[in-house]
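Engineer: What follows is a single structure, and I will ask about it in a moment.
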Amino acid sequence: MVTNAVTAIASPLKCALSPCHGFQGSTRRFRWRRNERQCARKAGHGVITAKFDLKPPPYPLDALEPHMSRETFEYHWGKHHRAYVDNLNKQIAGTELDGMTLEDIVVVTYNKGDLLPPFNNAGQVWNHDFFWESMKPGGGGKPSGELLDLINRDFGSFEEFIKEFKTAATTQFGSGWAWLVYKANRLDVGNAVNPRPSDEDKKLVVVKSPNAMNPLVWDYFPLLTVDVWEHAYYIDYQNRRPDYLSIFMEKLVSWEAVSSRLESAKVEAMEREREEERKKEEEEECGTANSEAPEMYLESDDSEAD
Amino acid sequence: MALRTLLTRKTLAISPMGMLGLRGLQTFSLPDLSYDYGALEPAVSGDIMQLHHQKHHQTYITNYNKALEQLDDAVAKCDASAVVKLHSAIKFNGGGHVNHSIFWKNLAPVREGGGEPPKSSLGWAIDNHFGSLEVLIQKMNAEGAALQGSGWVWLGVDKELKRLVVETTANQDPLVTKGPNLVPLLGIDVWEHAYYLQYKNVRPDYLKNIWKVMNWKYANEVYEKECP
């Protein structure tokens, strides 16, 4: 059920939105079609399952004042985000996407750049969930621990990172998002053109994306985002996107959320690496076993073998 | 060097009010509106008109001039990769200037004819091609509402085929990016900055109301020039 609560969850939410990389970016063309369940619904049977809920931000709607006003939240979360959720649910009901995780829907409907209709809504639902959780009351300041170490290593300094992040956010012409991501050496992403194919090590990078796009389609691990659609800042900052970005960095960013996501990202990256090595070993073993198999086939083959 | 000549000639055509910069390269300046900021109310609020004109359009011009100066520099140094790198800033900011300059002329206060339906040649062409003005408006509103992100919805004329078209462009891409023979007659800005303070997330309401201040006289003038 959609909750319209002004006082939302008070305790800080541990970020549950670590990207799902179970789906390995299928190379097959995904055919999106409605299945028989829709007929059952028309006949009056069954219940329309609203797959996704409009998750409230992990703080009250006025908690980020004066930097991000309650009025902004009432429209941004209460209208824009809500519409993405409602429209996505309508689009996926009774289709093969119904029952998939949100992350999988995003990747599948990205469809190698030939966007399927639900992509826009799915991407925006995910992006906004991620965005609310990227901020907190009394946010800003500086990160610490391993996150700060990696920032220093990959950007030179925290100040350099800020500069690069703000530049990406300012030069995202039109609507879109700027991201800090953990990139774990994915050169072949299968589903999309890798925007940073030359980076080899596991490292932090800044990327930007237009409209509903997000780094899940590039198989990166998102850590932080800022919404630079005009609706995100127009009520509070009008045309002054650079001011909005400065306040976002100085007063709103939840470095705890970013650190926690980095931890999850590294664990997932390691698990994936192990899984890929295991698969490679398996294939090598199967390769030696297969050299015996043809004899079996030849014996039982009654058609073509001559 | 041919690139620079092409640019200066084009700039003369677009902005007769431009000033000559250091190397004879024109710079652009903000064109005045022929009506007060509040004159389009209640369709478009004075606050929006002022911000839209004085801040957004001015920023496009400022950044366009900056990019052109950098381009001039890169061309003089024969730095091909710097030239190529500048193209997106030029397209975005230059497009923003071109599009908004048209937009201000597309609008007029009601007492100066804003909202009056088109007559004569453009009116006939619309009826011929779309069936009626209502159908055209419905089509443009539908496409404008469906546009993801930021962009424009246009009524244009193909000057070769002498045919009206409805098109959308993303971000600040001018109509000509959809076809080299397309000439814009009317453009509606559907970037959120064009309506958010007044209409918030309800873009369809903005689209419904902006026709009340549409300057069809100007659109007809442009049309008759291309289709005499």
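Engineer: In the range A:96-109, what count of residues is obtained for those that are touching a residue at least 24 places away in the same chain (Cβ under 8 Å), more than 14 Å from every other protein chain (Cβ to nearest Cβ) and either touching an Asp or Glu at 6+ places or on another chain (Cβ under 6 Å) or not in a loop (DSSP other than H, G, I, E, B) (or both)?
Structural biologist: Result for the range A:96-109: 6.
Engineer: Ok, one more. Taking B:Tyr206 as the residue in question, decide whether it is among the hydroxyl-bearing types (Ser, Thr, Tyr), over 25 Å from B:Asn93 (Cα atoms) and surrounded by 15 or more Cβ atoms within 10 Å (Cβ to Cβ).
Structural biologist: In short, no.
Engineer: Restricting attention to the range A:173-202, report how many residues are modelled with pLDDT of 80 or more and in contact with a Gly (Cβ under 7 Å, 6 or more places away or on another chain).
Structural biologist: So the count comes out to 2.
Conditions tested, residue by residue: (1) acidic (Asp, Glu); (2) under 14 Å from the mean Cα position of the chain (by Cα).
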residue	(1), (2)
B:Leu147	no, no
B:Val183	no, yes
B:Val190	no, yes
B:Asn209	no, no
B:Glu226	yes, no
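Engineer: Do we find a residue being among the polar types (S, T, N, Q), more than 14 Å from chain A (Cβ to nearest Cβ) and at positive phi anywhere in the range B:124-141?
Structural biologist: Within the range B:124-141, not a single residue is among the polar types (S, T, N, Q), more than 14 Å from chain A (Cβ to nearest Cβ) and at positive phi.
Engineer: For the range B:170-177, check the following and say yes or no: at least one residue is touching a Pro at 6+ places or on another chain (Cβ under 6 Å), closer than 30 Å to A:Arg241 by Cβ and in a helix (DSSP H, G or I).
Structural biologist: Yes: the range B:170-177 contains one or more residues that are touching a Pro at 6+ places or on another chain (Cβ under 6 Å), closer than 30 Å to A:Arg241 by Cβ and in a helix (DSSP H, G or I).
Every residue, every condition in (1) over 22 Å from B:His56 (Cβ atoms); (2) crowded, with 22+ Cβ neighbours inside 10 Å, yes or no:
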residue	(1), (2)
B:Leu122	yes, yes
B:Val135	yes, no
B:Ser150	no, yes
B:Asp158	yes, no
B:Val176	no, no
B:Gln198	no, no
B:Asn215	no, yes
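Engineer: Conditions: (1) without any contact (Cβ under 8 Å) to a residue 40 or more places away in the chain; (2) under 20 Å from A:Arg261 (Cβ atoms); (3) more than 14 Å from chain B (Cβ to nearest Cβ). A:Ile162 meets all but one. Number of the miss?
Structural biologist: Among (1) without any contact (Cβ under 8 Å) to a residue 40 or more places away in the chain; (2) under 20 Å from A:Arg261 (Cβ atoms); (3) more than 14 Å from chain B (Cβ to nearest Cβ), the lone unmet condition for A:Ile162 is (1).
Engineer: Could you identify the single residue in A:Leu262, A:Leu223, A:Leu245 that is in a strand (DSSP E or B) and touching a residue at least 40 places away in the same chain (Cβ under 8 Å)?
Structural biologist: Testing whether each residue is in a strand (DSSP E or B) and touching a residue at least 40 places away in the same chain (Cβ under 8 Å) leaves just A:Leu223.
Engineer: Out of everything in the range B:158-215 that is within 14 Å of another protein chain (Cβ to nearest Cβ) and basic (Lys, Arg), what residue ends up being nearest to A:Tyr234 (Cα to Cα)?
Structural biologist: Only one residue fits best here, namely B:Lys200.
Engineer: Would you check if A:Trp229 is within 14 Å of chain B (Cβ to nearest Cβ) and among the hydrophobic types (A, V, I, L, M, F, W, C)?
Structural biologist: In short, yes.
Engineer: Can you pull out the residues in the range B:142-157 that are without any contact (Cβ under 8 Å) to a residue 40 or more places away in the chain and within 14 Å of another protein chain (Cβ to nearest Cβ)?
Structural biologist: B:Ala146, B:Gln148, B:Gly149
Engineer: Answer yes or no as to whether A:Val207 is assigned to a strand (DSSP E or B), away from chain B (no Cβ under 14 Å) and either touching a residue at least 60 places away in the same chain (Cβ under 8 Å) or at negative phi (or both).
Structural biologist: yes
Engineer: Out of B:Ser101, B:Ser121, B:Ser81, which single residue is touching a Cys at 6+ places or on another chain (Cβ under 8 Å) and part of a helix (DSSP H, G or I)?
Structural biologist: Every option except B:Ser121 fails the conditions.
Engineer: Still on this structure, I have one more. Being aliphatic (A, V, I, L, M) and either over 20 Å from the mean Cα position of the chain (by Cα) or more than 30 Å from A:Glu71 (Cα to Cα) (or both) narrows it down to one of A:Val258, A:Val267, A:Val226, so name that one.
Structural biologist: A:Val267
Engineer: Out of the residues in the range A:55-84 that are surrounded by 21 or more Cβ atoms within 10 Å (Cβ to Cβ) and away from chain B (no Cβ under 14 Å), state the one that is nearest to A:Ala232 (Cα to Cα).
Structural biologist: Among those residues, the one meeting the criterion is A:Met68.
Engineer: Every residue in the range B:54-70 that is among the basic types (Lys, Arg) and either facing chain A (nearest Cβ under 10 Å) or under 17 Å from the mean Cα position of the chain (by Cα) (or both), please.
Structural biologist: Matches in the range B:54-70: B:Lys55 only.
The values are calculated or read from the model by the stated rules, or taken from the named source; none is laboratory data. Remember, predicted model here, so these are calculated numbers, not experimental data. Neighbour counts run over all protein chains shown; Cβ positions are idealised from the backbone, glycine included.
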